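So that we are looking at the same thing, I have put the structure below in C-alpha cells.
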C-alpha cells in the first residue's frame, strides 16, 4: 500500500463551510478516503479516475455525438431550465451565458434556502459575520433550531471550540446555547468538556420562541398564551446572556427551517432573525451566521449578480434580458409543472444531487460527475471531470466573501464541464 | 496593423502637447512615432476639427467585489428599471447605479474611459473580485487592497513590530491579492467597531489594541514609500459623513508630515458643523490645505441627486448611516478578522438641506483645488452617483452658468451656506485631460496609460468639440482600446479584454513566519490558499496582468 501522492491544505467543496485543511492521498488515481474524517468530504472525494462514457437515451455515444444531440435539444427548446449549477465558478459563468443565450430559466438545486435569504435581504437586511469572526470573536453562540453538524459537520471542531483564538478570553468564556427540540447529549462538547446548553423548545414552538426572544430583547412582555408553551425563564436568561456578551452570534440554517415549517414560515423566521441582529446592533455586537451554501450556490449567486444584476432564479427573455423573481422561477416547480420545455442539469460536487423529476416529454441533458445518482435515464448524459480533484477551479464559501482555490489532485483525461459547455455554446 | 489619425487636435498634457494639431500613428495596438511606421497604413481617420485625448482613467469606482454584489442583491428594483438586451454579440444585463460587470465595461468605453479601478478589495475577497473583473470587458482594471483594520495588522502595531516586518506584510498582501495599490478605510475604526466602539477619531485609541488611526495611517503610508509603490496610501479617513469631519481630515493632511497620501472621496470628509443645522461646508479649508501640501492628492466623490446604494468597507459609519437608509433596508457584515462592509441605500435630493450642501461641497472642492494634477474626477461610484454622470459633472466644472442653473434649485438654506456661486473658475480641456488622464496614470504608476506618446497603449478618444461639454464627453466619435475601435458615437461596437493592473513590490517570503502562523491558528485558511494565483482560475479565464511601475525597495531589506 503505497501512497503515490500526498496533497496538503486541500480545500473541500462538499459543503458550504469551506474547510481548506484536508490532507488527501492519491493512490492509483483514487483518493485514500480512510484519512478523511468529515463524512461529506469522504463521500465527495470517493470517486476513481476511470473514464466514463456519455450516453444518449441510455446508449453509449462519443462526446461529439452527445454534444450534437444536446445542442439540438437546446436549440429546439423555447424555455430551457438550466439548473443544478453545483459547479466551479468558470463552469457557472458558462452555464449562465448559455441561459442568457437560450432564453432559459436559471436556478440552483439548493435554490429554496437561498431564495428565502435573498428575499429577507431585499426586504430588510441583516448584520452578519463570516466564519473566522465567529471562530475568534464570539463569546456567545446561539444555535437556533439547528444542530449545525448536518450543514457543517466540522462546525464545533473548527469554529465553536477551536484550539485557539487571538481573543483567548472570548474563547475561554464562550457559551454555546442550543434552542430547539432534541439535542444528543455529547454533541458539540468542547475538548475541555464544556457542554452545549440546551433550551428545550418543541419544534412547533420555535417560531414562538423567536418572537419571544425579540420581545424580551426589547424589554416587552411576552403574551401569556405564548409564554405558557415556552421555557420563558430560560429564554429570559438567554437574552441576558446575549446582552452581556461581547460578541454574540446567532446561527441558523434556512434550509432546515424550510424542512420544518415550510417556505413561508421559514421566511418569517429568517426575517425576524435578521431584524434581531439589526436591532441588537444599535447597542451591542450581535451578528447572524446562517449555515448553508452547499454546492457553491453562493458562488453561483455571485456570478448571477455581477453578470445580470440579480440573484439566482432568473428567467432570461429571448433577447437576453434577465427577469428575476425568487418565488416564480423555482426551477423544480417549473419543471414539474411543465412550464419549461427542456432541462440542462449541471452538477459536479454532490453525487446525490440528482436531476429532479420532469414530465415525460421534457428532454433532459445532464452534465455531471460520473458517479451521479440518476433517478431516471436522461436524454443525454455527459460525464465530466471534477473540480478540486481532476482540475483546478474556484468556489465561494457560505459566508459570501471568501473564495477557495480548488486544486487538481490528479490527472484525468475526461473533459471538464467548461469544455463541454464551450462546445455546446459553439453549436447553438 | 497600422492606423493613422490625421489632423488630430491633441490634448496630451503628459507630453506637454496641448491643442497641437498633428498625426497620431497606431501600430499593433501601441502609439508609434512616425519613423517607426514603415508599412502600409491600413486605415486613416481624418480628424479635422476633432479633439483627441488618451483614454480616461477612473481612479476610484466600486465596480467589483462582494459588497457590490450585495448592493445589487439588495436593490432588484433598480435593476428591473434598467434592463438591456443582448445585442450584436454584447451581453445583456442591467444598469445604474450598481450596474453589471459587462455594463460597466461597455458604459465606460462609450464615454471614452479605458481604465477603472475598484478601490476596496477585501483580502479574502480578492480571488472573487478578479473573477468579476475578468467579466468586465474592454477597460483595463485593477483593485486596491483594503488593509489597516486586520486583527493581525493591529497586533503588529500593538507589539511595535519593526518597520521591515510591516513592509513585508504590506508587500505580501499586495502580491497575494494581485492589487495595484493599498487603501485604508476608517483606519483602525472598523476593527474598533468589532469591539463595540462607535467612533474613533484620529488620535483616539482602539480600546483593545491601544492603536490610533494616526499610527495606522503613518505606518502604511511609510510602508508604501519604503516599498517603492507608486500610488500613495489611498485613504478613506475617519468620520465618513460626519458633521465636523473636516477637522480630522485637516489633521490628517497636516499630520502627514510630508508623507504622500491620497485622500479619497474627500467630499464625504469635508463637513463642518456650523450654522443652525449643525452642518456646513468645509471645502475652502480643505482646498487650502490641499493647495499648500504638495504631498496630498485627492479625489472628490461628487454626489448627484437621485437614488443609489452606498457601499463601503467602513462598517462603523455605514451602520450609523443606516438610520437614514432609503428605502429602509441595510446590510452590514464583519469580515474574516480583516474588515467588513456596509450597504445602505440612499436617495439624494436637491431639496434636502444636507444633500444639497453635499453637492455644492463637492463642486467647491473641485474648483478650489488649484492643481489639476492633484484632484481627480470621481463620484465614488455608486456611492455619490453612478460613473455615467461624469459627462454631466464635467460640464458642471467647465460651465459656470450651467452650474448656476442647478444651484438655484437647491434647498435655499444650502444656497446661503455655500460660496459656490462666487467661484468663477471653469475647467479647461487641458485641465480635464490632466485630471482624467495624465494625473491618474501618473499617480498609479501606469506608464503606458493616460498619454499619447510613443510606446503608450493606443487607448485613444476622439471628441467633437461642443459648447455643451456634456454632449461632447458623453458620446465620443471614436474610442480605441489598444488600437481596436471599441466605441463609435457613444455606442460600443466591439468588445476586447483589458488587463488586470497590479503592482508587485518585493518582499522576503522567509520573513513572513508570523503571518503564516497567524493564518494557521486563527484565519481558518492556509496562507497559500489566501494567495491569488493564475492557476486558481484553471484554463478558462482571460486574465492578463500588467505591472505598474514600482521603485526598488529602500528599507534595507534584501529580498528574493
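The values are calculated or read from the model by the stated rules, or taken from the named source; none is laboratory data. The shown structure was predicted, so the numbers you read here are calculated from the model rather than taken from an experiment. Ideal geometry is used to build each Cβ from the backbone, glycine not excepted, and the neighbour counts take in all protein chains shown.
Are there helices (runs of 4 or more DSSP H) fully within the stretch B:160-244 with at least 1 residues that are within 14 Å of another protein chain (Cβ to nearest Cβ)? List them. Outline the logic, then answer.
Numbers: elements: B:163-177, B:189-194, B:213-227.
In the stretch B:160-244, B:163-177, B:189-194 are the helices (runs of 4 or more DSSP H) which contain 1 or more residues that are within 14 Å of another protein chain (Cβ to nearest Cβ).
Taking the stretch B:224-246, which residues are farther than 22 Å from residue B:342 by Cβ, surrounded by fewer than 24 Cβ atoms within 10 Å (Cβ to Cβ) and touching a residue at least 40 places away in the same chain (Cβ under 8 Å)?
B:226, B:228, B:230, B:232
Quick check on my filter: what residues within the stretch B:513-528 are more than 15 Å from residue A:159 (Cβ to Cβ) and either buried (at least 23 other Cβ atoms within 10 Å of the Cβ) or touching a residue at least 12 places away in the same chain (Cβ under 8 Å) (or both)?
B:514, B:515, B:518, B:527 - these are the residues of the stretch B:513-528 that are more than 15 Å from residue A:159 (Cβ to Cβ) and either buried (at least 23 other Cβ atoms within 10 Å of the Cβ) or touching a residue at least 12 places away in the same chain (Cβ under 8 Å) (or both).
For residue A:349, are the conditions met, namely being over 30 Å from residue A:244 (Cβ atoms), free of Cβ contacts under 8 Å to residues at least 40 places away in the same chain, touching a strand residue (DSSP E or B) at 6+ places or on another chain (Cβ under 8 Å) and part of a loop (DSSP other than H, G, I, E, B)?
Against the criterion (over 30 Å from residue A:244 (Cβ atoms), free of Cβ contacts under 8 Å to residues at least 40 places away in the same chain, touching a strand residue (DSSP E or B) at 6+ places or on another chain (Cβ under 8 Å) and part of a loop (DSSP other than H, G, I, E, B)), residue A:349 does not qualify.
Take the residues in the stretch A:300-318 that are outside any helix (DSSP H, G or I) and either touching a residue at least 24 places away in the same chain (Cβ under 8 Å) or more than 10 Å from chain B (Cβ to nearest Cβ) (or both); name whichever of them is farthest from residue A:115 (Cα to Cα).
A:318
Looking only at the stretch A:378-408, which residues are closer than 30 Å to residue B:339 by Cα and outside any strand (DSSP E or B)?
Answer for the stretch A:378-408, where residues must be closer than 30 Å to residue B:339 by Cα and outside any strand (DSSP E or B): A:388, A:392, A:397, A:398, A:399, A:400, A:401, A:402, A:407.
Here are the criteria: (1) surrounded by fewer than 23 Cβ atoms within 10 Å (Cβ to Cβ); (2) at pLDDT 95 or above. Tell me which single one residue B:255 does not satisfy.
Tallying (1) surrounded by fewer than 23 Cβ atoms within 10 Å (Cβ to Cβ); (2) at pLDDT 95 or above, residue B:255 fails exactly one: (2).
What number of residues within the stretch B:199-223 are within 18 Å of the chain's Cα centre (by Cα) and within 16 Å of residue B:150 (Cβ to Cβ)?
Adding up the residues that qualify gives 0.
Residues to consider are A:208, A:187, A:171, A:213; find the one that is in a loop (DSSP other than H, G, I, E, B) and under 30 Å from the mean Cα position of the chain (by Cα).
On inspection, the qualifying residue turns out to be A:187.
This table checks each residue for (1) touching a helix residue (DSSP H, G or I) at 6+ places or on another chain (Cβ under 9 Å); (2) surrounded by fewer than 22 Cβ atoms within 10 Å (Cβ to Cβ); (3) in contact (Cβ under 8 Å) with a residue 60 or more places away in the chain.
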residue: B:275; (1), (2), (3): yes, yes, yes
residue: B:280; (1), (2), (3): yes, yes, yes
residue: B:283; (1), (2), (3): yes, no, yes
residue: B:296; (1), (2), (3): yes, no, yes
residue: B:320; (1), (2), (3): no, yes, yes
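For the stretch A:141-159, give me the residue count where each residue is in contact with a helix residue (DSSP H, G or I) (Cβ under 8 Å, 6 or more places away or on another chain) and either part of a helix (DSSP H, G or I) or not assigned by TED's automatic domain parsing to the domain that holds residue A:188 (or both).
Final tally of qualifying residues: 2.
Here is a follow-up. Which of the following residues is more than 7 Å from every other protein chain (Cβ to nearest Cβ) and buried (at least 24 other Cβ atoms within 10 Å of the Cβ): A:145, A:113?
A:113
OK, next. Does residue A:163 fit the bill of being within 14 Å of chain B (Cβ to nearest Cβ) and crowded, with 23+ Cβ neighbours inside 10 Å?
When the stated conditions are applied, residue A:163 does not pass them.
Here is a further query. Have a look at A:270, A:249 and point out the one that is closer than 23 Å to residue A:112 by Cβ, surrounded by 15 or more Cβ atoms within 10 Å (Cβ to Cβ), in contact with a helix residue (DSSP H, G or I) (Cβ under 9 Å, 6 or more places away or on another chain) and within 14 Å of chain B (Cβ to nearest Cβ).
Step by step, each of A:270, A:249 is checked, and only A:270 is closer than 23 Å to residue A:112 by Cβ, surrounded by 15 or more Cβ atoms within 10 Å (Cβ to Cβ), in contact with a helix residue (DSSP H, G or I) (Cβ under 9 Å, 6 or more places away or on another chain) and within 14 Å of chain B (Cβ to nearest Cβ).
Ok, one more. If a residue has to be in a loop (DSSP other than H, G, I, E, B), closer than 16 Å to residue A:144 by Cβ and within 30 Å of the chain's Cα centre (by Cα) to count, how many in the stretch A:216-270 make the cut?
Count: 1.
Turning to a different aspect of this structure: Given (1) crowded, with 19+ Cβ neighbours inside 10 Å; (2) more than 25 Å from residue B:208 (Cβ to Cβ), identify the lone condition not met by residue A:186.
For residue A:186, the exception is condition (1).
Looking at the stretch A:289-299 only, could you name the residues that are in a helix (DSSP H, G or I) and either within 8 Å of the chain's Cα centre (by Cα) or more than 8 Å from every other protein chain (Cβ to nearest Cβ) (or both)?
Within the stretch A:289-299, A:294, A:295, A:296, A:297, A:298 meet the criteria.
From the set of residues in the stretch B:457-474 that are out of contact with any helix residue (DSSP H, G or I) (no Cβ under 8 Å at 6 or more places or on another chain) and surrounded by fewer than 24 Cβ atoms within 10 Å (Cβ to Cβ), which is farthest from residue B:388 (Cα to Cα)?
Going through the stretch B:457-474, the residues out of contact with any helix residue (DSSP H, G or I) (no Cβ under 8 Å at 6 or more places or on another chain) turn out to be B:457-462, B:467.
Still in the list and also surrounded by fewer than 24 Cβ atoms within 10 Å (Cβ to Cβ): B:462, B:467.
Numbers: B:462: 18, B:467: 20 Å.
Among those that are out of contact with any helix residue (DSSP H, G or I) (no Cβ under 8 Å at 6 or more places or on another chain) and surrounded by fewer than 24 Cβ atoms within 10 Å (Cβ to Cβ), it is B:467.
Every residue in the stretch B:329-340 that is within 8 Å of chain A (Cβ to nearest Cβ) and touching a strand residue (DSSP E or B) at 6+ places or on another chain (Cβ under 7 Å), please.
B:329, B:330, B:331, B:332, B:333, B:334, B:335
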